[in-house]
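The values are calculated or read from the model by the stated rules, or taken from the named source; none is laboratory data. The structure displayed is predicted, hence computed values, not measured ones. In this analysis, Cβ positions are derived from the backbone assuming ideal geometry, glycine residues included, and neighbour counts consider all displayed protein chains. We work out accessible area using only protein heavy atoms, side chains counted, and drop any ligands, DNA or RNA first. Shrake-Rupley method; radii C 1.70, N 1.55, O 1.52, S 1.80 Å.
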Amino acid sequence: MDEQSSKFLKSFIVESTDLLDKAEEAILSLEQGFDQEKVDQLFRAIHTIKGNSGLFDLNRIKELSHIFENVLSAVRSREIEPDVDMVDIFLLSVDRLRQMIDRIEDSENTVVEDLVSRLSSLRGSAKSEERKTPADVQPDVRSVFENFCKKLRTKIPPAAMQTEDYLACAVMDLAAQNTGKLSEISARLQTFRKGKTIILHGISPSLVSEFNDKAGKTLPYFIVFQSKEEPNQALTAAGLQTIALDLIHAPVKTGEAEVNTLEPEKTAAVETPAPKAKSIQPAQVEKREEDATGVEKESHLKVPLPLIENLINLASETVIARNELMQKVETSSDPTLAVSAKKISYLVSRIQEGIMRTRLQELETLFQRVPRLVRDVCSQTGKQVQLVTDGGNVELDKTLIDSIRDPLTHIVRNAIDHGIEAPDERIRLGKPREGKLRVDAFFRGGNVIITVQDDGRGLNYDRIREKAQQRGLLSAEAAKAATDAELADLIFLPGFSTSETVTTTSGRGVGMDVVRTSLKKAGGSAEINSVTGVGTTIQLTIPQTLSIVTCILIKSGGTRLAIPQANVKELLQLDPTKLDQIQDSLAYEIRGHLLPLIHLQSLLRTVKGEDVRESRDSLTTGFIIVVETEQHRFGLLVDEILNPEEIVVKSLGQEFAEVKIFSGAAIMGDGEAVLILDTAGIARHRNMQGNLSEDEEEEQRGSTVLEGMEESGYLVFESSSYYFGVPVSSVPRIEQIEYNRIETLLDFEILNHQNHIVPLLRLEKVFALDKKVEMFNQKETYVILFTINGFRIGLIADEVHNVVTDFEGVDRNTFTSESVTAYALTGGKTTMLLDIEDLAERFKNGRYRALKEHLSESLEGKTTSGVRK
């Protein structure tokens, strides 16, 4: 096979796979009742596969799809009423077609005779029923064709309606033109076309169920045309007999009403003739012809995944080149060059974001396979299950969707086979006969959460405890003391199963370990929560994209590491007096609660195999990063907090498969490799119990924002001799910059930070405070940067002092001001404690709009002028 044919064959495989997915969905809908639209969709899919397979001499595929199409034709015309057995045969046929298409080279060796025979028997029964049908109950063909004419009017281009000629649609039966010679019919059509403009024409499959050369069958042909001659007379003169004729438009003379045969309510009088229109161009005709013949216009392009991967790699290289350019521009004294470079930087960022989005797909592509899976497992187990799915519109990276396809399959199978009880047992337990299975997807904290919930028997913790002891996983003492959460987590171990029997669907203990392993490779996690006798919920947490993640860079023991910002809840400066030690574990007091604390440097040493004993007496300095997973909340004690940064995530090799605490790695701008911490993996590594209970969450939500921030601490800084405080929990980033890096644009002070234009605020201006000190010849200054709900903003500071948690006094009522939560005393200085989120929102919806509009207009103007050239 030559290269060109090979490309066509690959396109056939991709298109056929999509069509079979749609066909399967339509077949499953037949169990809910007859739906003409779904049946038509199914028929078109199989018809297309049959036609395309003939181009490649794929005779087995063509043979099966041909008889399948014939049966579907009878279903469309209601000659056959679908039932459960028929749906089974249809699904088996789709499976066999999928099997042949997946193994296209071996397709001719696939056995299809069994299905061809079963489908033929269905078709045969339909024909016998057809012979019994009286002639007087045949459908009114003329009525069908007239309705077709009405629908076809919506396909006519508006320009074609503005003409001084007649515009009409005629439908004729080419098999009923008083001649059996095709050449004679062709000659009549050629005669008719002379002196007329043909808008649309063709044989439409939507008019009848099937066409062949048997007696009694019709071959409907439609034609939409412009003619100076009255349409009926023109057709009669050419010897053509019509079934239906729709006069869409008639010539309009001055002072006469416009003729509109199908919409009489719109036949208002017009005083001037309709404007003259040119004939429709051939390209337009072709496009409309496709529309009228039932071929849907594609709104999406199929692009090979390697091409997208290559574009992503090129975008990454472009970003590196952009960064190098921006560094060189900073040393230039040409202001126009700086402006152009910033525009290029902005466009490169937009291009990169757009390319990254090309890999996102809706989860509906994954969810649409679940109904078939549920149906098959229910058929094998004899159970009745109602499936509910929600969140199919949530988008996820294509690579991640592929990686969780098998895990989701395992979970659904287990939920039905092991979780949901048989109908008789459910009735005996006082439950509905039909079990319920929910599959939901939603966003939370920058991650995609997929939950699979059933109302079955739940986990048998006593059986798990017994099995764990038999396998030597737990001692008798440890098994007795184990919590339900710890026991539930054991089912993710390889080969662990409590099932007494092995079935065709599950019971071998090779499913749930695959789930967690696959999720870990994708940078996600899997958690289980089960109540005996009530049901089980399995939760999958997956990052939306594997490529770019915003992380906080830290240092511990001289090693630079990254923590996903989505998991970070608070940043605290270590107060040694609040440290506590419970046996060999550390804890830290926050708002009257003890937070489990892990010294990251010690953790890294234990991973290397060293024996480390933690002692609170040796810990006097550092920072605490409070992190959360779906079940855990704990602190990481680190030496330094560097800055937040967007990093490109790379997967770890098999060498790191046993290391639970890392989820990936990234190459930084200076070439250093940085490992990304897996917070859920750290919790599992330390065998940490779930501590994020609903009671604690309610307590946290019930406490006031100010109280929480006071305990976390405020970063106190100075500007024009005024003191301000921002909550450390807002994760500020402090940078000391050269003063000349601050630029002015439209009366805004801005900073080019990591190739983003960040607006800067001077708080003395925001709050209209008199300047106490005027700074002259200032060479350096501090900038405190925030990212609030995706919006970047910076505060200019003369001095940055410290993180303060205990104020000498706090007044929340005497003085009030926008974006100020309270006034406090520290070191004898009055400090304004800021609500940074409110301040950012005010600026974003106020003055920032002018800056954003200016940048957009500038970029659009530049792009437009470039197009003109």
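In a fully extended conformation the segment linking residue 233 and residue 36 would gain 67.2 nm over its present Cα-Cα distance, using 0.36 nm per residue.
Only Cα pairs under 8 Å and 6+ residues apart enter the sum, and on that basis the relative contact order of region 309-358 stands at 53 percent. The gain in end-to-end length when the residue 340 to residue 606 segment is fully stretched comes to 90.7 nm, 0.36 nm per residue minus the alpha carbon separation. Take every DSSP beta bridge whose two residues both sit in region 345-480; close to 65 percent of them are antiparallel.
Ordering 550, 336 by accessible surface, largest first, gives 336, 550; the 1.4 Å probe counts only protein heavy atoms, with every chain in place.
Our summary gives region 3-124 a relative contact order of 29 percent, counting only alpha carbon pairs under 8 angstrom and 6 or more residues apart. Cross-linked pairs 343/844; 10/436; 342/521: Cα-Cα separations exceed 29 Å for 10/436; 342/521. Between residue 388 and residue 818, the modelled labels are 4.4 nm apart [label points 7 Å from Cα along Cα→Cβ]. Rolled with a 1.4 Å probe across the full set of protein chains, the surface gives residue 818 an accessible area near 120 Å². If R0 equals 56 Å, the separation of the Cβ atoms of residue 460 and residue 749 corresponds to a calculated FRET efficiency of about 0.30. Residue ranking by accessible heavy-atom surface, 1.4 Å probe, largest first, among 196, 765 comes out as 765, 196. Spin-label model, residue 121/residue 521: points 7 Å from Cα along the beta carbon direction are separated by 4.3 nm. Contact order for region 22-84, expressed relative to its length and based on alpha carbon pairs under 8 Å spaced 6+ residues apart, stands at 34 percent.
In this label model, residue 477 and residue 85 are separated by 6.6 nm, measuring between points 7 Å along each Cα→Cβ vector.
Extension gain, residue 310 to residue 103: 0.36 nm times the residue separation minus the Cα-Cα distance gives 71.8 nm. For region 3-124, a simple Cβ point-charge model (Lys and Arg +1, Asp and Glu -1, everything else neutral) yields a dipole of about 360 debye relative to the Cα centre. Proximity of backbone amide H atoms, modeled 1.01 Å from N, is registered between residue 713 and 728 at under 5 Å, excluding neighbours fewer than 5 places apart on the same chain.
On the beta carbon distance between residue 838 and residue 514, with R0 = 35 Å, the FRET formula returns roughly 0.15. What region 309-358 shows is 65 Å² of accessible area per residue, with the surface traced by a 1.4 Å probe over protein heavy atoms. Sorting 385, 39 on solvent-accessible area from highest to lowest, probe radius 1.4 Å, gives 385, 39.
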